[in-house]
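Each remark here refers to the structure printed beneath this line.
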Amino acid sequence: MTRRLLTVPAIPIAIALVALIAPRVATQTHKVPALVITAYNGGSPTSYATPKTPWGEPDLQGVWSSDDTAGIPRERPAELETRLYQTDAEFAARKKQVDVGVQRGEHAVGSFRNDFATRAFRQTSLIVDPPDGRMPMTTAAAEKRRASRDRGTFGDGPFNNFEDFTLYDRCITRGIVGSVLRVIYGNGNSIVQSPGVVAFSYEMIHDTRIIYTDGRPHIGQAIRQYLGDSRAHWEGDVLIVETTNLTDKTSIGGNGNGLRHSAKMKITEQFKRVANDVLQYQFTIDDPVTYERPFTMSMPLTPLSGGVLLPYECHEGNLAVRNALSAERAEDRALAEDLAKGIKRARRGVQESGVGGGGNRGRGAAAPAAGGRGRGADPEDAN
């Protein structure tokens with residue numbers, strides 16, 4: 001399927017929109033940090049010659065996974081300050097956690113649903129810039145548009161129409177970042193290359209991005225897409241991808257949940273193969289409408305167990321939107337019936353069943369931990 005995508009790169013659409021082609025977007029004022037090879041675990045770089053494709057470009061192809069980033073928090077614990085790597089003692093504790101996870105995963109009933117890490121890395125946080133490994137604060141303008149819909153069925157509603165759900169709830173997309181960050185399953189990513197093109201496919205909700213490396217300009221700014229418009233170039237063995245033309249309908253949280261970014265966001269990704277079994281992946285988020293400064297996450301991607309992206313038939317079994325809407329209307333009727341009997345009560349929350357969004361949070365469960373500082377705090381990015 002991926003090869004078929006590569007041979008039909010939407011040429012008719014490109015011809016139809018030729019009048020809307022715009023010059024390359026100007027470079028952002030914030031300098032994108034150099035690639036941080038966190039897979040080296042704080043040691044000296046190993047000697048590795050990146051393999052080349054038959055046409056001479058660095059070969060990034062493979063089926064990669066973020067499973068092995070388990071245990072690496074998005075934000076660095078404050079007490080670690082600017083320390084990017086764990087001490088020997090801290091790393092030993094993390095490796096022990098990974099070993100426990102492997103034992104549970106290999107012996108669990110239905111372990112397919114919960115993927116697990118098989119190796120550990122010393123990285124203290126996914127965020128490598130700012131140097132303290134913490135999320136920047138969100139802007140006042142961003143806080144004004146924060147809404148319950150940013151968490152969809154993992155939030156507290158109300159659910160009145162389809163726009164109250166995330167694009168993940170609706171089986172449309174998890175966005176660029178949300179499709180790579182590790183969650184409990186479906187963390188595979190496939191990279192296929194051909195001259196002038198790189199195809200990046202995500203396992204969950206099976207999005208595929210077509211990234212051109214042939215020097216063509218970005219499409220016109222009037223055209224907006226959920227996964228934006230990506231253009232790339234090589235700097236030595238590093239693939240640099242700049243994505244613009246995004247919408248304001250997705251987020252950068254796990255599974256694409258959380259406060260939605262603005263349509264002005266620009267993502268700069270860097271890919272470098274640093275070993276046969278490690279692809280370093282780094283991205284910089286620059287959205288001055290939403291965040292007070294750009295920030296960067298970096299992580300090692302490793303080969304996916306089994307080496308094959310599994311089918312993800314999301315629409316076929318998706319009853320989340322229908323059931324949530326019907327449950328809300330049932331509560332509307334129940335409120336009216338109780339009021340007719342002289343009973344005036346508060347509306348029941350959508351998570352009061354004891355099941356909760358994702359089947360793991362109900363009434364009385366601990367509140368999700370905040371993931372930032374001050375206005376930058378965001379609810380847990382639920383899976």
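Just so you know, all these numbers are worked out from the coordinates, no wet-lab data involved. Quick caveat: nothing in here was measured; it's all calculated off a predicted structure. Cβ coordinates were reconstructed from backbone atoms using ideal geometry, including for glycine residues, and neighbour counts include every protein chain displayed.
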Self-check item: Estimated translational D of the range 136-175 in µm²/s (Stokes, Kirkwood radius over Cα pairs; 10 °C; 1.306 mPa s)
Solution: 143 µm²/s
Practice problem: Give the order of Cys171, Cys314 when sorted by the count of other beta carbons within 10 angstrom, beginning with the fewest. | Solution: Cys314, Cys171
Exercise. Obtain the radius of gyration and the Kirkwood radius of the range 250-332 from its C-alpha atoms and give Rg over Rh.
Key: 1.12
Quiz item: For Ile223, Ile172, Ile343, what ranking results if the residue with the fewest other Cβ atoms within 10 Å of its Cβ goes first?
Solution: Ile343, Ile223, Ile172
Self-check item: Equivalent ellipsoid dimensions for the range 2-318 as semi-axes, Å, which come from the Cα gyration tensor, largest first
Solution: 28, 25, 22
Quiz item: Which of Gly258, Gly188, Ala142 sits farthest toward the positive end of the charge dipole of the range 2-318, with +1 on the Cβ of Lys and Arg and -1 on the Cβ of Asp and Glu?
Solution: Ala142
Practice problem: Just order 125-133, 63-71, 175-183 by mean Cβ neighbour count inside 10 Å, highest at the front, would you? | Solution: 175-183, 63-71, 125-133
Quiz item: Got a sec? How would Ile252, Ile37 order by Cβ neighbour count within 10 Å, fewest to most?
Solution: Ile37, Ile252
Quiz item: For the range 58-204, what's the radius of gyration and Dmax over Cα atoms, in angstrom?
Solution: 18.5, 52
Quiz item: What is the pair-distance distribution P(r) of the range 112-194, computed from all Cα-Cα distances in 5 Å bins starting at 0, with each bin given as a whole percent?
Solution: 3, 10, 12, 17, 20, 18, 12, 7, 2, 0
Quiz prompt | Test item: Cα-centred dipole of the range 74-146, Lys/Arg +1 and Asp/Glu -1 on Cβ, debye | solution = 280 debye
Quiz item: Per 10 Å bin, what is the whole-percent P(r) computed from every C-alpha pair distance within the range 221-280?
Solution: 21, 40, 29, 9, 0
Practice problem: Mind ranking 270-276, 76-82, 321-327, 197-203 by how tightly packed they are, going by the mean number of other C-beta atoms within 10 angstrom, highest first? | Solution: 197-203, 270-276, 321-327, 76-82
Quiz prompt | Pairwise centroid distance, computed over Cα atoms, of the range 32-59 with the range 127-149, Å | solution = 30 Å
Self-check item: Centroid-to-centroid separation of the range 181-219 and the range 269-332 [C-alpha atoms, Å]
Solution: 12 Å
